[in-house]
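Okay, so here's the structure we're looking at.
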Amino acid sequence: MTAGRQRLSDALVRAGRGDEDALAEVYEASSAKLFGICLRILGTREEAEDTLQDVYINVWRKAASFDPERASPITWLAVLARNRSIDRLRSRGGRTDTAIEEAAEVADPAPGADAAMEAGQERRRLQDCIAELEQRQARSIRAAFFNGLTYGELAEREDVPAGTMKSWIRRGLLRLKDCLQR
């Protein structure tokens with residue numbers, strides 16, 4: 001089971017125990033996908049939004065019945081969204097056709113697999129290049145760029161003049177640039 005799927009599954013189980021924060025996690029992780037399902041079935045944005053609200057009320061009521069051994073969390077949620085959308089469609093007596101292009105307005109904020117893989121490779125490459133630096137340069141660059149420390153704070157921490165610290169970081173950044181361009 002992937003980490004994201006496991007987090008969603010755990011959040012559903014916690015929501016089933018009455019944890020409101022867990023329901024918020026479920027919403028954050030799944031609302032874009034479920035909205036797309038509702039929009040595709042119902043055809044209008046307004047009805048899809050109303051139905052999605054009903055879906056999460058239903059999730060809150062039924063989360064205790066979610067069994068991670070029987071279904072993936074997103075499948076379970078998608079079935080709830082589909083069924084609620086179909087119920088709404090039947091209650092209004094039909095369907096209005098709207099172009100599927102409206103679903104494109106609902107973007108999934110998560111990066112795609114290719115973007116995530118590329119970001120991971122870039123992160124590893126940066127880490128490898130930082131590892132090639134002198135230890136004090138690497139430590140100073142990490143503290144400056146990842147922890148937001150100033151030249152003055154870094155100089156004080158390393159017990160060197162501020163000009164020396166600026167030189168270390170500048171030379172380190174030039175070496176990083178060369179390494180990353182190889």
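Would you check if there is a residue in the stretch 3-10 being of a type outside the set (A, V, I, L, M, F, W, C), closer than 30 Å to ARG92 by Cβ and in the same structural domain as GLY93 (by TED's automatic domain parsing)? Working first, answer last.
Within the stretch 3-10, the first condition is being of a type outside the set (A, V, I, L, M, F, W, C), and the residues that meet it are 4-7, 9-10.
Those still in the list that are closer than 30 Å to ARG92 by Cβ too: none.
No, because not a single residue in the stretch 3-10 is of a type outside the set (A, V, I, L, M, F, W, C), closer than 30 Å to ARG92 by Cβ and in the same structural domain as GLY93 (by TED's automatic domain parsing).
For the stretch 51-68, the set of residues classified as in contact (Cβ under 8 Å) with a residue 24 or more places away in the chain and either under 23 Å from the mean Cα position of the chain (by Cα) or over 24 Å from GLY4 (Cβ atoms) (or both) consists of THR51, LEU52, ASP54, VAL55, TYR56, VAL59, TRP60, ALA63, PHE66, PRO68, listed by residue number.
Residue-wise test of (1) in contact with a Lys or Arg (Cβ under 7 Å, 6 or more places away or on another chain); (2) assigned to a helix (DSSP H, G or I); (3) at pLDDT below 90.
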{"residue": "ALA24", "(1), (2), (3)": "no, yes, no"}
{"residue": "GLY36", "(1), (2), (3)": "no, yes, no"}
{"residue": "LEU39", "(1), (2), (3)": "yes, yes, no"}
{"residue": "GLU49", "(1), (2), (3)": "no, yes, no"}
{"residue": "LEU52", "(1), (2), (3)": "no, yes, no"}
{"residue": "ALA63", "(1), (2), (3)": "no, yes, no"}
{"residue": "SER91", "(1), (2), (3)": "no, yes, yes"}
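The values are calculated or read from the model by the stated rules, or taken from the named source; none is laboratory data. Fair warning: this is a prediction, and the values are worked out from it, not measured in the lab. Using ideal geometry, Cβ is built from the backbone for each residue, glycine included, and neighbour counts are taken over all protein chains shown.
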